[in-house]
Amino acid sequence: MVKKVLANCYLYVILALMYLPIMVVIVFSFSNSTLFRFPNGFTLGAYQSIFTSPNTPALMSALKNTFLIAIIASVVATLLGTISAIGIFNLKRRVRRVVESVNQMPIINSEIVMAVSLMVFFALPFLSFMNGYVKLIIAHITFCTPYVILSVMPRLMQMDPNIYEAALDLGASQTKALFKVIIPMLVPGIISGFVMAFTLSIDDFIITQLNKTEGIQTLSTYLYEDARIKSLSPFWFAVFSIMFVVVLFILLSINFYNAKKLGNEPKNKVKHTVRNPSGR
């Protein structure tokens with residue numbers, strides 16, 4: 001009984017530490033104030049100021065840049081990561097371990113080290129033509145690709161290699177077997193890698209801050225500039241609340257879909273086991 005109470009208390013403390021700060025932001029997004037008070041009661045002024053304040057053009061520009069860079073970087077990183085994962089998987093065991101270790105170095109390495117390294121790299125004379133969006137997109141692709149490889153590799157490990165060989169024996173070319181057999185089996189890992197790359201790109205600040213050029217702001221860098229010059233504008237609480245609700249809705253929808261899909265599997269299995277004994 002005591003263990004159960006302690007376990008529940010531990011769980012509630014962890015959940016409170018994780019979600020209570022977010023709940024505080026959501027609650028005070030209805031105050032239209034950064035003083036953590038409700039001078040005018042509950043109001044939607046912060047949400048209205050997203051579209052009507054003098055900062056709206058800068059906010060919308062930062063939002064557009066954030067999603068533009070994240071979409072391009074995550075798509076390219078997903079393609080590169082998937083192809084690289086397939087290539088790494090087909091290497092000899094010793095070489096594969098070495099390459100996998102090299103791939104994990106950007107992940108476990110400090111982000112500030114990678115940010116400074118990219119900044120120095122792009123400062124080289126023969127790379128001076130890379131500016132603006134090109135430099136930021138390449139930087140985001142660089143740190144997103146290892147995560148995609150890490151997401152796709154487990155699916156390759158679980159895959160039965162005989163299926164690919166069977167496709168070749170049945171007359172499929174290597175390219176056709178890749179796109180008709182391998183890629184469809186890797187779809188869950190590819191989607192996970194894309195979502196991870198997209199999230200990391202949107203969330204990144206250090207690499208973006210050190211490698212962006214003048215006039216280009218993303219959501220994180222614009223937030224930093226706004227908070228550095230003055231305290232946070234009230235509309236930021238509304239922006240964070242909207243982002244949290246959207247992510248929560250997507251997550252719940254995915255979980256609901258997966259739960260519904262798993263709930264239908266036993267019925268199919270039962271029908272299958274009933275038919276097998278009769279030989280039909």
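The values are calculated or read from the model by the stated rules, or taken from the named source; none is laboratory data. Please read these numbers as outputs of a predicted model, since none were measured by experiment. When we count neighbours, we look across all protein chains shown, and the Cβ atoms used for this are built from the backbone with ideal geometry, even at glycine. To get the accessible areas, we keep the full protein, side chains included, count just its heavy atoms, and leave off ligands, DNA and RNA. Shrake-Rupley method; radii C 1.70, N 1.55, O 1.52, S 1.80 Å.
Could you run through the range 1-37 and say how many residues are small (Gly, Ala, Ser) and closer than 20 Å to Ser49 by Cα?
From the range 1-37, those small (Gly, Ala, Ser) are 7, 16, 29, 31, 33; that's our starting set.
Applying the additional criterion that residues be closer than 20 Å to Ser49 by Cα yields 29, 31, 33.
Count: 3.
Please specify each residue of the range 184-227 satisfying the condition of being of a type in the set (Asp, Glu) and farther than 18 Å from Phe143 by Cα.
Keep residues of the range 184-227 that are of a type in the set (Asp, Glu), which gives 203-204, 214, 225-226.
Once the filter is applied, which keeps residues that are of a type in the set (Asp, Glu) and farther than 18 Å from Phe143 by Cα, the range 184-227 yields Glu214, Glu225, Asp226.
Could you grab the pairs with beta carbons closer than 9 Å, sequence gap of 6+ or different chains, first residue in the range 97-118 and among the acidic types (Asp, Glu), second one in a helix (DSSP H, G or I) and surrounded by 13 or more Cβ atoms within 10 Å (Cβ to Cβ)?
Glu100/Ile88; Glu100/Ile149; Glu100/Leu150; Glu100/Met153; Glu111/Phe143; Glu111/Ile206; Glu111/Ile207
With respect to Ser31, determine if the residue is under 30 Å from Glu225 (Cβ atoms), part of a helix (DSSP H, G or I) and of a type in the set (Ser, Thr, Tyr). Show your work before the answer.
Working: under 30 Å from Glu225 (Cβ atoms): yes; part of a helix (DSSP H, G or I): no; of a type in the set (Ser, Thr, Tyr): yes.
No; evaluated as a whole, the condition is false for this residue.
Would you mind finding the one in Ser49, Ser61 that is closer than 25 Å to Tyr133 by Cα and either touching a residue at least 40 places away in the same chain (Cβ under 8 Å) or surrounded by 10 or more Cβ atoms within 10 Å (Cβ to Cβ) (or both)?
Working: Ser49 fails: closer than 25 Å to Tyr133 by Cα.
Every option except Ser61 fails the conditions.
Conditions: (1) over 30 Å from Val239 (Cα atoms); (2) among the polar types (S, T, N, Q); (3) buried (at least 19 other Cβ atoms within 10 Å of the Cβ). Ser74 meets all but one. Number of the miss?
It fails just one condition, (1).
Which ones in the range 29-41 are surrounded by 11 or more Cβ atoms within 10 Å (Cβ to Cβ) and closer than 19 Å to Ile242 by Cα?
Ser29, Phe30, Ser31, Asn32, Ser33, Thr34
Out of the range 248-280, which residues are open to solvent by 100 Å² or more (accessible area, probe 1.4 Å) and at pLDDT 70 or above?
Result: Phe249, Leu252, Phe256, Tyr257, Lys260, Lys261, Leu262.
Would it be correct to say that Ile22 is open to solvent by 40 Å² or more (accessible area, probe 1.4 Å) and under 30 Å from Met157 (Cα atoms)? Walk me through how you get there before you give the answer.
Values: open to solvent by 40 Å² or more (accessible area, probe 1.4 Å): yes; under 30 Å from Met157 (Cα atoms): no.
No.
Can you tell me which residue is least open to solvent (accessible area, probe 1.4 Å) among those in the range 222-247 that are modelled with pLDDT of 85 or more and within 17 Å of the chain's Cα centre (by Cα)?
Among those residues, the one meeting the criterion is Phe244.
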